[in-house]
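Each remark here refers to the structure printed beneath this line.
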Amino acid sequence: MKDIELVIKIPKRVYNYTHKHHHIANSDVLDIKDAIINGVPLPKGHGNLIDADELTESTLCKTFGLRSVDIENAPTIVEADKEVQNDETDM
């Protein structure tokens, strides 16, 4: 079975509890289910995901403009997807 990269939004209390106790509380299962249902799948073959707003707000960018080297050196939030496939049957 192939993996899917998914961006989800969960309540902070669910994240904190799960991170601290390394398990999911029964009361949080529905919140996590809803987060998965409403999650945004990242497209196959996507590049590195960066915080573009933070990058364009930097003093250096405001002074000199955005350069390709700035984008290349921006901190990565999600690594690029190296596996590119058009097979949607794995979802």
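The values are calculated or read from the model by the stated rules, or taken from the named source; none is laboratory data. All values reported here derive from a predicted model rather than from experimental measurement. Cβ atoms come from the backbone with ideal geometry, glycine included; neighbour counts cover every protein chain shown.
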Exercise. Go over the candidates VAL69, VAL29 one by one and state the one that is surrounded by 11 or more Cβ atoms within 10 Å (Cβ to Cβ) and either in a helix (DSSP H, G or I) or modelled with pLDDT of 90 or more (or both).
Key: VAL29
Quiz item: Can you tell me which residue in segment 48-66 is surrounded by the fewest Cβ atoms within 10 Å (Cβ to Cβ), limited to those that are within 21 Å of ALA80 (Cα to Cα) and charged (D, E, K, R)?
Solution: ASP53
Exercise. Would you check if LYS44 is part of a loop (DSSP other than H, G, I, E, B), under 29 Å from ILE71 (Cβ atoms) and modelled with pLDDT of 90 or more?
Key: no
Quiz prompt | Filter pass, GLY45 being loosely packed, with under 10 Cβ neighbours inside 10 Å, on the phi > 0 side of the Ramachandran plot and either touching a Phe, Trp or Tyr at 6+ places or on another chain (Cβ under 9 Å) or not aromatic (Phe, Trp, Tyr) (or both) | solution = no
Quiz item: Taking segment 47-64 as the region of interest, how many residues are part of a loop (DSSP other than H, G, I, E, B), at pLDDT 80 or above and either farther than 18 Å from VAL7 by Cα or not polar (S, T, N, Q) (or both)?
Solution: 2
Quiz item: Identify, please: which residue in segment 72-91 is in contact with a Gly (Cβ under 6 Å, 6 or more places away or on another chain) and at pLDDT 85 or above and is, among those, nearest to LEU49 (Cα to Cα)?
Solution: ALA80
Quiz item: Looking only at segment 17-60, which residues are outside the structural domain of ILE4 (by TED's automatic domain parsing) and among the acidic types (Asp, Glu)?
Solution: ASP51, ASP53, GLU54, GLU57
Quiz item: Restricting the first residue to segment 18-30 and requiring it to be of a type in the set (Val, Ile, Thr), which pairs with a second residue that is part of a loop (DSSP other than H, G, I, E, B) meet a Cβ separation below 8 Å and a spacing of at least six or different chains?
Solution: THR18/ILE24; THR18/ALA25
